[in-house]
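Asks: Submitted below is the structure of interest, expressed as structure tokens.
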Amino acid sequence: MITTFHSTRGLSEHLTSRQAIRQGLSTDGGLFVSDELGKEKIDVASLVGKTYQNMARTVLGTLLPDFSASELDECVKAAYSTQWLDEKITPLKPLGKDYILELFNGPTSAFKDVALQILPEFMARTVDKTSAGTNSNENVMVLTATSGDTGKAALAGFTGTQGTGITVFYPLGKVSEVQRLQMTTQKGANVNVCAIEGNFDDAQSAVKRIFADNSLAMKLRQDANVTLSSANSINVGRLVPQVVYYFSAYVQLVEQGAIGVGDNVEFIVPTGNFGDILAGYYAKKLGLPVGRLTVASDRNNVLFDFLTTGTYNRERPFFETTSPSMDILVSSNLERMLYYMSDGDTELISLLMADLRDKGSFTVPSALLENIKALFSCGWADEDQVNQAIAHCWSNNRYVIDPHTACGYHALQQANNETDMPRVLLSTASPYKFPRVVGKALGLECTGTDFDCMDALSQATDTVAPKNLRDLQHAEERFTDVIPIDEIGDYVLRASQRL
Ligand SMILES: *Cc1c(COP(=O)(O)O)cnc(C)c1O
């Protein structure tokens, strides 16, 4: 048993990667990390010419040491197959003199598919088959709070998975029409979708409280034989698959002749919960030449303020923007970056997180801030700038981007690129998930339904809406429940009893 995973806040528990994936979050509220990260480097040159699937086997093998090669092979085969529109899975394309990494060619047209197509495969292999007397009939209920994209990607990943249910909570009225329909039309017997009265942070906090609720846990075990797990990006199994596409991007740059192996590359990453960009940091620790990681935020620029001042302050107005998946005030995965950047100082992390909980803010020591700034840069875009970015990218590159990617595009335009490091913008969603915002930004008449907007966008840009999105117009809506925040515990119990 390779029990290298422990909490960012202490060393009392030691878990295997399997256990960490199954449990999701540590009992002390911290996130699971492994001090082995980066001790073994990946030979980047050996990846050139390899398929995405091959790179995934190598990278995942390093990050999940207690999965066997044949298990990972099965997981990778199931997750990265014909459900993707591009055989490269995450194709890299030129964008002016920069590059764009398309992460949205999966079954739900958002980058979260990269992780959520494979997480159910991991989860199915977390049941301990070796120890006698374990409760083999035990089911897992995966709980997810979503600001729009995670929910659908998790539903698509977990539908039909044996012994597993999935329950998704989304903030009522705060996701796009397409995003809502994607979730409420999900097929499958083991899926549940419910709107809550509140914003995404309320939903995420409520789900975190549920994980910490021991009496509910007991009831779930006794009444339904269910344990809870998480598909949010706090789960190790969500994070590690994302490390692969940083390697894939780099290898594609090499294959396109843009760089040689060893040259540094900058990644610009639209960021909310800090998962996507953290995966880039993990890639760097594994030996990928990452010269700079640029955090791009929307108007909820709490990370921009943190990276410029060293103070993280969540006591601030919350803005609902056209990039809902980045409308986040508590960026959970930042905790993992702080852990590694402070050389594993669990005491410091515990103090900072207690300050965040009790005072609403924390401040990191200045030496730590300097370390962080040496690698992480930042930018943010307000709504006008997002619209301008979408228009600018189209008129200059004939390439349509969604409002999340547009935050990154804006940061890219703003940065004075004094080095000649190649820059890769991560594109996190298909523009067709947000056809009204994108259409309007391009000056189109967008007054009808989201589907009218899709058609207008298609016509104006000579691009095609992904079938999974265009077909939603005629799909049957299955889930219409709306509940107050304080009823989600009961909802989870009822959903678990149906498993
Ligand atoms: C989730 C999401 C993000 C932010 O990713 P994090 O891992 O939360 O930083 C950005 N864009 C889109 C479209 C997303 O769905």
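Asks: Quick one: in the stretch 410-499, what % of C-alpha pairs are over 23 Å apart?
Replies: More than 23 Å apart: 55 percent of the Cα pairs in the stretch 410-499.
Asks: Between Glu74 and Lys50, what is the label-point separation in nm under the 7 Å Cα-to-beta-carbon projection?
Replies: Rounded to a tenth, the inter-label distance reads 2.2 nm.
Asks: Counting only C-alpha contacts under 8 Å and six or more residues apart, can you give the relative contact order of the stretch 1-115 as a whole percent?
Replies: For the stretch 1-115, the relative contact order is 16 percent.
Asks: Among the aspartates and glutamates, select those whose C-alpha is under 12 Å from the C-alpha of Lys433, and discard any that sit fewer than 8 residues away in the same chain.
Replies: List returned: Asp149, Glu177, Asp402, Asp450.
Asks: Distance from the Cα centre of the stretch 375-451 to that of the stretch 456-489, in angstrom?
Replies: Answer, in whole Å: 21.
Asks: Turning to a different aspect of this structure: Starting from the 7 Å offset along Cα-to-Cβ, what nm value, one decimal, do you get for the label separation of Glu87 and Lys467?
Replies: Going by the 7 Å Cα→Cβ label model, 1.8 nm.
Asks: For the stretch 53-144, take the alpha-carbon Rg, divide it by the Kirkwood Rh, and send me Rg/Rh.
Replies: 1.07
Asks: If ligands, DNA and RNA are left out, what is the accessible area of Trp394 with a 1.4 Å probe, given in Å² to the nearest 10?
Replies: Only protein atoms counted, so the area is about 40 Å².
Asks: Another question, then. Put a dot 7 Å past each Cα toward the Cβ at Ala460 and Phe319; how far apart are the dots in nm?
Replies: 2.2
Asks: Quick one: if the Förster radius is 51 Å, what FRET efficiency do Ala217 and Asn264 give, using the C-beta to C-beta distance and rounding to 0.05?
Replies: The pair Ala217/Asn264 has a calculated efficiency of 0.65.
Asks: Using only the heavy atoms of the protein chains and a 1.4 Å probe, how would Lys152, Lys187, Lys41 rank by accessible area, largest first?
Replies: Ranked from most to least accessible, the order is Lys187, Lys41, Lys152.
Asks: Figure the gain on full extension for Lys285 and Glu255 (residue separation times 0.36 nm, minus the Cα-Cα span) and round it to one decimal in nm.
Replies: On the way: separation 30, 0.36 × 30 = 10.80 nm, distance 2.24 nm.
Gain on extension, Lys285 to Glu255, equals 8.6 nm.
Asks: Which percent of the accessible area of the stretch 383-473 is formed by carbon and sulfur heavy atoms (probe 1.4 angstrom)?
Replies: Numbers: 1740 of 3880 Å².
About 45 percent, which is the carbon plus sulfur part of the accessible surface.
Asks: Among DSSP beta bridges lying fully in the chain, give the percent that are antiparallel, nearest 5.
Replies: 25
Asks: What FRET efficiency, computed as 1/(1 + (r/R0)^6) with R0 = 56 Å and r the Cβ-Cβ distance, is obtained for Ala415 and Arg498, rounded to the nearest 0.05? Walk me through the numbers on the way to the answer.
Replies: Numbers: r = 50 Å, r/R0 = 0.90.
Result of the calculation: an efficiency of 0.65.
Asks: For the stretch 216-267, what does the accessible surface come to per residue with a 1.4 Å probe? Please give it in Å².
Replies: Solvent-accessible surface per residue comes out at 28 Å².
Asks: Quote the charge dipole size of the stretch 373-468 about the Cα centre in Debye, to the nearest 20; the model charges only the Cβ of Lys and Arg (+1) and of Asp and Glu (-1).
Replies: Roughly 260 debye for the stretch 373-468.
Asks: Hey, can you find the accessible area per residue of the stretch 6-159 for me, probe 1.4 Å, expressed in square angstrom?
Replies: With the other protein chains kept in place, the stretch 6-159 gives 37 Å² per residue.
Asks: Now for a separate question. At a Förster distance of 51 Å, what's the computed FRET efficiency of Ser366 paired with Glu476, Cβ-Cβ distance as r, to 0.05?
Replies: It comes to 0.35.
Asks: First compute the accessible area of the stretch 265-330 with a 1.4 Å probe, then give the percent of it belonging to carbon and sulfur atoms. It would help to have the intermediate numbers written out before the result.
Replies: Working: 740 of 1630 Å².
C and S atoms contribute 46 percent here.
Asks: Follow-up. Among the lysines, which fall within straight-line cross-link reach of Lys285, defined as a Cα-Cα distance under 23 Å, with same-chain neighbours fewer than 8 residues apart omitted?
Replies: The qualifying lysines are Lys39, Lys41, Lys50, Lys112, Lys373.
Asks: Sticking with this structure for a sec: Stokes-Einstein D for the stretch 205-314 at 4 °C, 1.567 mPa s, Kirkwood Rh over Cα pairs, in µm²/s?
Replies: 77
Asks: Taking all protein chains together and a probe of 1.4 Å, list Thr126, Thr480 from the most accessible to the least accessible.
Replies: Final ranking, largest accessible area leading: Thr480, Thr126.
Asks: Does the chain come out rounded, prolate or oblate, given a ≥ b ≥ c as the square roots of the eigenvalues of its C-alpha gyration tensor, rounded meaning a/c under 1.5 and, failing that, prolate meaning a/b above b/c?
Replies: Judged from the Cα gyration tensor, the chain comes out rounded (a/c under 1.5).
The values are calculated or read from the model by the stated rules, or taken from the named source; none is laboratory data. Keep in mind that this is a model prediction, so the values were computed, not measured. Heads up, the Cβs are rebuilt from the backbone with ideal geometry, glycines too, and the neighbour counts pull from every protein chain shown. Just the protein is used for accessible areas: all its heavy atoms, side chains included, with ligands, DNA and RNA removed. Shrake-Rupley method; radii C 1.70, N 1.55, O 1.52, S 1.80 Å.
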